[in-house]
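Please treat every number below as a calculation from the coordinates, not as lab data. Values in this document were obtained by computation on a predicted structure and should not be read as measured data. Backbone-built Cβ (ideal geometry, glycine too); neighbour counts: all protein chains shown.
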């Protein structure tokens with residue numbers, strides 16, 4: 001007689017059933033998380049609840065803060081009409097310094113920025129670290145012609161040696 005070994009039920013036979021069970025529990029957990037998040041919309045309101053035996057919390061704050069809670073980020077000048085709002089667009093800046101990543105390069109970039117402010121007080125100066133170097137760039141120009149005119153003015157002072165035009169996201173007032 002030819003005897004075959006007993007048939008063992010493999011792990012893989014039950015795998016589709018397990019996957020369905022796991023996906024059901026995962027969906028249930030996700031739904032529970034969504035419902036909990038929807039109920040806790042504002043932490044200020046949940047703190048100000050009157051719970052017997054625990055006292056009452058009262059929060060005094062500006063309405064703008066109350067509106068901002070739970071939101072990603074307010075614009076820098078939200079609700080303040082005297083401050084100007086900006087939009088970021090593709091444009092040009094004039095680069096007046098590019099150093100390495102040392103502390104001396106940082107100081108030099110800041111000093112160049114101060115010199116630009118002395119000669120051209122209306123130009124905005126951006127001193128940033130873009131790995132691996134310190135950069136000092138000025139202006140927010142939409143066209144290359146505007147940037148070129150400013151670059152020529154900077155060169156004509158004789159103070160700024162390494163001046164060039166770079167393409168970058170610039171701040172344009174609304």
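Computed quantities for the displayed model
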| item | result |
| --- | --- |
| Answer from 94, 159 - the residue that is touching a helix residue (DSSP H, G or I) at 6+ places or on another chain (Cβ under 7 Å), over 30 Å from residue 64 (Cβ atoms) and in a loop (DSSP other than H, G, I, E, B) | 159 |
| Identity of the residue in the stretch 97-119, assigned to a helix (DSSP H, G or I) and within 26 Å of the chain's Cα centre (by Cα), that ends up farthest from residue 152 (Cα to Cα) | 103 |
